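Everything on this sheet refers to the single structure shown next.
The values are calculated or read from the model by the stated rules, or taken from the named source; none is laboratory data. Because the structure is predicted, anything quoted here is derived from the model rather than measured. Cβ sites come from the backbone with ideal geometry, for glycine too, and all protein chains shown count toward neighbours. SASA here: full protein model, heavy atoms, side chains in, ligands and nucleic acids out. Shrake-Rupley method; radii C 1.70, N 1.55, O 1.52, S 1.80 Å.
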Amino acid sequence: MERRKIGILGATGMVGQRFIQLLHQHPWFEITWLAASDRSAGKRYGDACRWKLDTPLPARIADMTLMPNVPEGTPHGELPKIIFAALDSSVAQELEPKFAAAGCAVISNSSAFRMTTDVPLVVPEVNADHLELIERQSWRRETGGYLVTNPNCSAIGLVMALKPLEERFGIESLFVSTMQAVSGAGYPGVPSWDILGNVIPFIKNEEEKLQEECGKLLGRLAGDHIQMLDAKVSAHCNRVPVEDGHTECVSIKLRRPATYEQILSAWAEFQPLKGIHEGRSLPSAPDFPVEYEEAIDRPQPRLDRMRGDGMAATVGRLRPCSLLDWKFVVLSHNTIRGAAGAAVLNAEYLAMLGKLDWKHWKPSVLQQPAGVA
Ligand SMILES: NC(=O)c1ccc[n+]([C@@H]2O[C@H](COP(=O)([O-])OP(=O)(O)OC[C@H]3O[C@@H](n4cnc5c(N)ncnc54)[C@H](OP(=O)(O)O)[C@@H]3O)[C@@H](O)[C@H]2O)c1
């Protein structure tokens, strides 16, 4: 199969680097276009980027020239129709709509449009049906372009653990306290003087994002909008001196009683993407999205963040809670499952749905506009 050409906006940042690591040998996608800020435009990628990952920067990528962050092609080729975006939210607010309006599928990591009515906020194992909202976007009707988002890095692991519990028992309320890695703050991120030997009990806007995004992700598609999950969610978010991997301590009240064994079965049997696409799995989908670790002192970021190639959520320490019903710990890799890997899996799912093919797409005036798009 010919690989689809893709571009990366924000290619030099922490998430942009993960995109390059995950995509440079991807079987379905080929990186042909890179952009970052105006400071980087025109530079060789290898000179503009301070590569921070523990695999070498691929030589072909290092030699690519960073393009201006506008929806235009390179001297050697067209602008790809698929754009992965890893921009700060204020920049994304301005740039992402320009690429969607130019006819691109924009697959975004930023929070700028996550809660917009007609923009899907998706984790394929949790709420792939929400992708239908794409067809409500005015860009889609006019140019074929659209915008899809993936959640905040701490929301992703959490909702993967919650989805099978919501399906089987219903969730009434939830208390979560996070321990979030420094890579979650981008590069250079938190000053070393602030974080070494320390814990910072505040991450701007993070608690609000975690609470509202859980409601949308676990909500129900109701025509042109998402009906939010009817559950109370209270989050405490903390930055801790860990490189990669967000750990979250969760207490939960369920709507229907569940035993220890029933909860473990719900996680073990949660394989919504298995056998999808006539038996051919999506390249980035983990075999087991939720892995339960029996050891009493797990999950731990250093030991468990790379399960499922960094795409699985690891759960452990399930035990009764004296305030709510049950409590447990969940861990996921924040820049793989929590960011770039989540966006790549969204793109693979979109490819499977045929939403990355524009051959049969035609402008439409039949549907009514919804939301801001
Ligand atoms: N890190 C995580 O774990 C994580 C997880 C989930 C979601 N996210 C979200 O993903 C996005 C990127 O995060 P990050 O951690 O990768 O941030 P980062 O390391 O600070 O990288 C930011 C990127 O945006 C580019 N940029 C800055 N200003 C720009 C402008 N005016 N126009 C175009 N590009 C510009 C930077 O390019 P230059 O190098 O040229 O400055 C760089 O490539 C954020 O919205 C973040 O909230 C991050």
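For the range 69-179, the extents of the C-alpha atoms along the principal axes are 54, 31, 22 Å, listed from largest to smallest. For the pairs Lys216/Lys327; Lys163/Lys355; Lys43/Lys359; Lys253/Lys355, note any where the Cα-Cα span goes beyond 32 Å. Going by Cα-Cα distance, Lys43/Lys359; Lys253/Lys355 fall outside the 32 Å limit. Positive end of the dipole of the chain (Cβ unit charges, origin at the Cα centre): among Leu23, Leu79, Ala343, the Cα lying farthest that way belongs to Leu79.
Could you work out how much longer the chain between Lys232 and Met306 gets when fully extended? Use 0.36 nm per residue separation minus the Cα distance between them, nm to one decimal. Please report the intermediate quantities before stating the final value.
Details: separation 74, 0.36 × 74 = 26.64 nm, distance 3.08 nm.
So the chain would gain 23.6 nm between Lys232 and Met306.
Once C-alpha pairs closer than 8 Å and six or more residues apart are averaged by separation and normalised to the residue number of the range 181-339, the relative contact order reads 24 percent. Ligands, DNA and RNA excluded, the heavy atoms of His24 present near 60 Å² of accessible surface to a 1.4 Å solvent probe.
Considering only Ala185, Ala343, Ala85, the Gaussian network model of the chain with Cα springs below 10 Å gives its largest mean-square fluctuation to Ala185. Enclosing the Cα atoms of the range 1-133 in their convex hull gives a volume equal to 127 cubic angstrom per residue.
The residues of the chain have, on average, 44 Å² of accessible surface per residue, using a 1.4 Å probe with all protein chains present. Once the Cα-Cα distance is subtracted from the 0.36 nm per residue extended length, the Glu167 to Ser37 segment shows a gain of 42.5 nm.
Counting only protein heavy atoms and a 1.4 Å probe, tell me what percentage of the chain's accessible area is made up of carbon and sulfur.
Details: 8320 of 16470 Å².
Result for the chain: 51 percent of the exposed heavy-atom area is carbon or sulfur.
Around Tyr260, with a cut-off of 13 angstrom between Cβ atoms, what is the net charge of the other residues, counting Lys and Arg +1 and Asp and Glu -1? Local net charge: 0. Note on Glu269 and Leu221: the model spin-label points, each 7 Å out from Cα along the C-beta direction, lie 2.4 nm apart.
What is the Å³ per residue value for the convex hull set by the Cα atoms of the chain? Don't skip to the end; give the middle numbers.
Details: hull volume 51.2 nm³, N = 373.
Residue-normalised Cα hull volume stands at 137 Å³.
Working note: Cα atoms of the range 48-94, range along each principal axis, descending, whole Å: 31, 30, 18.
Between the range 43-81 and the range 128-205, the alpha-carbon centres lie 26 Å apart.
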